[in-house]
Structures are given as C-alpha cells and as structure tokens.
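Colleague: Please read through the structure below; I'll follow up with questions.
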Amino acid sequence: MSSQSPATILVIDDEKNIRRTLRMVLESEGYELLDASSAEAGLGLLEEHVVHCVLLDLRLPGIGGMEALKRLQRAEQPGETTVPVIVISGHGTVSDAVQATRLGAFDFLEKPLDREHVLIAVRNALRQHRIECEVGQLRQQVAGRFEMIGKSVVMQKLFAQIVKVAPTKGRVLITGESGTGKELLARAIHDNSQLRDGPFVKVNCAAIPPELIESELFGHEKGAFTGATSRKRGLFEVAHGGTLMLDEIGDMSLAAQAKVLRALQTGDLNRVGGEKIIKVDVRVVAATNKDLAAEVAAGQFREDLYFRLNVVPLYCPPLRERIDDVPEMVIHFVAEFCKENGFRPKTVDDAVYHRLEGYSWPGNVRELKNVIERAVIMSDATITVDDLPPFLNVGNKPGLDINRYANLTLKSFKEATEREFITMRLDEHNWNISRTAGALGIERTNLHKKIKAYGLQRES
Ligand SMILES: Nc1ncnc2c1ncn2[C@@H]1O[C@H](COP(=O)(O)OP(=O)(O)OP(=O)(O)O)[C@@H](O)[C@H]1O
Ligand SMILES: [Mg+2]
C-alpha cells in the first residue's frame, strides 16, 4: 500500500444496514469501500482487488464466518502477507469472537457497532498490515538470507555493503556499540558468502584468558603444557572452509595479537607444542565495540594487525540513529516472543510506539529486544505503556528527560526547551502577556515574536 492511495476495506455482512453504516463511517474517513453480503461474494472480490483490511460478520449464510476467516487467511495478496480480518460478532456471541481471534483474526467488534471502536480497530489493522508489507518487501530485497531488520537509510546502505562484500574473500572489521547487531552482521556475511555451507565459528576474544588464547585459536598437542592432557584442535582449524568471527578483538592481549597476525599473514599455523604446519582456509571477520584506531594510537592494538583486519570496514549504527526502524523491530520481536512463549499474537498500542521511538536506547537493539520480551510476558492481549519498564514510563513530567533530546542539535535543543519553557510560563500566568514577559524577564514585543515564531496557542 502506498501512503498516497487510500486503503481499501472489504465489509462482509449479510445485514444491509450494517453495510450501509460501515460504508458511511469508513468513507467519511477517506477509505475505499467494497462490500459483500456473503462470504462467497467477499472472497470473489478479494481475488479481483487488493484489500488492506476485512470486516467480517461471523453469522453468515452459506459457508459461514469461521470458514470464511480461514479462507481469507489463505487468500493471495501482494507481498506474501495476509489481510488483517476484524470480526464482527452479534451481541452475546463474544465467545465466537474469541474463537475467531484464536484462528488469527486481528481484532473483534461487538454489535451494536460503535463508530470510534470501528475506526480504531481499522486504523490498528492497517498499521499492522502496512508494517508487515514493508517487512516482507525488505526481506525479499535482501535475498531473504538474513533476519536483519532495517528499512532506514543507514541500514539500507549497510545491507548494500553486505551484498557487495559477502561473496568476496575480503576481511571485514565490524565496529559499532554493544547490542547494535555486529554478530548478526557477521552471520549475514557468512550466509551470503561462498563459504555458507562451511562452519561459522565465533570466538569471544575478551572471554578467554590471555594465556589460553593461543591454544584456543590454534590448538595444542598433548603435553604441550600442564593441563594439555590430549590433543586439541584450535578454532582456526574448526572453522576451516568457513568463517571465523573474532569477536571483541579490541580486548585481545598484545601477545595474542602477535600470534593472530602471524596466522593471518601466512595462513599457516602451528598447534601449541606442535611441529607440523597446518594450512587453513578461513575467512576472518573481526568485530569490536572499541575504536580500534584510537587503541592503535594508544599503543593498545597492533597497527599491522589493524591494517590486516580492516580491509573492509563495516559500521553498525546505534539504534538511536535509526529510530525509524523501531516499529518494525517491535512487530518482529512481539511476534517472535509470542511464538516462543506459545501466546497468540498480541497487538501493540500506538502510545507504546511513541514511547519507544522517543528513547535513546543506549543498549541498542539488545535493549529493545529485552524490553519487548518483558512486555510480551507481562501484557494481556494488547501491549500498553503500562507493560514497559519504569525508565520508559517517564511520561511528560516536567524536567529534563535526556532521552527526548538524544538526536537534537544544540540549536534544536535550545529551541525545544525554550518553546516548552515559554509555554509553561504562559500557562502559569493564564496567558497574560505582560505578566509572562515580566516573569521571563523579556520585553512584551519579544514575547509576542516568540509566540508567533513557535506558533504557540493556548489549549482550550
Ligand atoms: N537489525 C536487527 N534486526 C533484528 N534483530 C537484531 C538486529 N540487530 C540486532 N538484533 C538482535 O539484537 C541482539 C543483539 O545483537 P548482536 O548480538 O548481534 O549485537 P552485538 O553488536 O554483537 O553486541 P555486543 O557488542 O554486545 O556483542 C541479538 O539478539 C540480535 O538478534
Ligand atoms: Mg556481539
């Protein structure tokens, strides 16, 4: 659905009055209407038209509402999506509606219909449908080989880079803050490379004690050191024919760096305590949340290794720089956690999106994912702001909420706060210009100018 063309809604109900009322209500909001008095006729319309939402009466002559619901969900629509169906149940038949929701109906409305309820349900369904379509399109665009969400410009650029670099043998250095998706990115590179059928091995360089890293990476012969009771293959060998992800490479000791450098230079390695030279064919992808160039400057990271690893740099931007991606991620994670916990799909209140889009996400996607997991577990059928953790429920309390200003320049920050401050003083003084100007310590003319510039209006 493009944002310009109006959404098309199909109403299936055998009662003429209901069809007429819904047509009036929905057309007045600018939607296109199709209607049918039976499920058979409705399904016929669905074959000929692109429909964005269906309102379905459950008590129908012919094949009946439940069967219609099942068929509607199998009906083919663009982008491999299903049309959201809102079922309409008669008074006292709510249990049918509950059953329908289990079968995948998006929402249900009880007769007599209430204009506001109808509009809210339709709006939510359309929103969900739109996002699902976008997710579907995006998946197709990135060849469907990896599960990374991101229709934002920065992520689209990153995906384009992955597509270019993955099939090559180029070494990749992934940087980005914690939780931005570096591991997912490394896997995406592997999955889109010629080595995709080989192993993907990840090693967390920060988690291995310096004295053990050599044997972890390169293996050891029996008796090479105290504790080496048997021969062990190193991770470079394990990853032969595939990808080795050196995660948290910025935390590797200088001694270990020297050994990794040698292996990368020659492609040869020795097991600790071994004579034999082992040849391996491994693509190395390194990742770090540190600024490696700065580490090099500080003498903490070997420059020669840095250049070896950093053939193709890829940067995972922090979530606050791609806040546009939050709604899609929310939908995706809600679905994922509902499935994981065996819940039927839950819906998400609009206010939740606003809250989540207004936060700066220092822990990035991982933090968002945790928040959603918790919300899915704590919520009823609909996730509301009350299901969010307290730090997201700051609401509009006065005072500086740093998260709201995360993406602002100094200029826009000043304007935003000035605007808020002036509005507050105006309210305090009942919009009396002289007194407000006095309280603010500015001239009345100046206050008038500001009111005009910010388009401030008294709330009725
Ligand atoms: N674009 C994305 N779409 C969907 N899920 C994502 C995306 N980016 C990250 N995630 C999810 O967020 C979580 C954190 O991602 P990941 O482990 O790749 O981050 P990281 O950058 O390696 O973090 P760290 O530096 O702390 O190791 C994972 O569960 C991952 O699946
Ligand atoms: Mg990681």
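We did not get these values from a lab; they are worked out from the coordinates using the rules stated. These numbers come from a predicted model, not from an experiment. FYI the Cβ positions are ideal-geometry reconstructions off the backbone, even for glycines, and counts take in every protein chain you see.
Colleague: For a quick size check, give me the Cα extents of the stretch 8-143 along its three principal axes, largest first, whole Å.
Modeller: Its Cα atoms span 47, 31, 26 Å along the three principal axes.
Colleague: Going 7 Å from the Cα of Ala255 toward and past its Cβ, which residues in the stretch 196-214 have a backbone nitrogen under 20 Å from where you end up?
Modeller: 204-214, by backbone N distance to the label point.
Colleague: Can you find, among Gly342, Leu292, Gly104, the residue farthest towards the positive end of the dipole of the chain? Put +1 on the C-beta of Lys and Arg, -1 on that of Asp and Glu.
Modeller: Leu292
Colleague: Let me ask something additional. Which Cα, out of Thr409, His129, Gly358, lies furthest along the positive dipole direction of the chain (beta carbon charges, K/R +1, D/E -1)?
Modeller: Thr409
Colleague: Of the peptides 196-205, 124-133, how do they stack up when ordered by the mean number of other Cβ atoms within 10 Å, highest first?
Modeller: Packing proxy ranking, top to bottom: 124-133, 196-205.
Colleague: So if we plug the beta-carbon distance of Leu45 and Ala160 into 1/(1 + (r/R0)^6) with R0 = 41 Å, what FRET efficiency do we get, rounded to 0.05?
Modeller: Given R0 = 41 Å and the Cβ-Cβ separation, E is 0.55.
Colleague: Also: State to the nearest 20 debye the size of the charge dipole of the stretch 279-325 about its Cα centre, where the only charges are +1 on K and R beta carbons and -1 on D and E beta carbons.
Modeller: Computed charge dipole of the stretch 279-325: roughly 200 debye.
Colleague: OK, next. So, R0 is 51 Å and r is the distance between the beta-carbons of Asn432 and Glu27; what FRET efficiency does that work out to, to 0.05?
Modeller: Efficiency, rounded to the nearest 0.05: 0.65.
Colleague: Apply the a/c threshold of 1.5 to the C-alpha gyration tensor of the stretch 169-249 and tell me whether it is rounded, prolate or oblate.
Modeller: In terms of gyration-tensor shape, oblate.
Colleague: Using the Cα centre as the reference, give the magnitude of the dipole from point charges on the C-beta atoms of the chain (Lys, Arg: +1; Asp, Glu: -1; all else neutral), rounded to the nearest 20 debye.
Modeller: Approximately 1220 debye in magnitude.
Colleague: What lysines could a cross-link reach from Lys182, if we take a straight Cα to Cα line under 16 Å and drop same-chain neighbours fewer than 8 places away?
Modeller: Leaving aside lysines fewer than 8 places away in the same chain, those within reach of Lys182 are Lys157, Lys202, Lys290, Lys369.
Colleague: Residues in the stretch 330-360, backbone N under 16 Å from the label point at Glu459 (7 Å along the Cα-to-beta-carbon vector): list them, ranges by number please.
Modeller: none
Colleague: Further, regarding this structure: Quick one: which of 449-457, 159-167, 171-179 comes out on top by average Cβ neighbours within 10 Å, and what's the full order, highest first?
Modeller: In descending order of packing, they fall as 171-179, 159-167, 449-457.
Colleague: I've got another one for you. I need the shape label for the chain. Rule: rounded when a/c is under 1.5, else prolate if a/b > b/c, else oblate, with a, b, c from the alpha carbon gyration tensor.
Modeller: Working: a/c = 2.83, a/b = 1.46, b/c = 1.93.
Oblate, since a/c reaches 1.5 and b/c is not below a/b.
Colleague: Based on DSSP, what percent of beta bridges with both residues in the chain are antiparallel, to the nearest 5?
Modeller: 10
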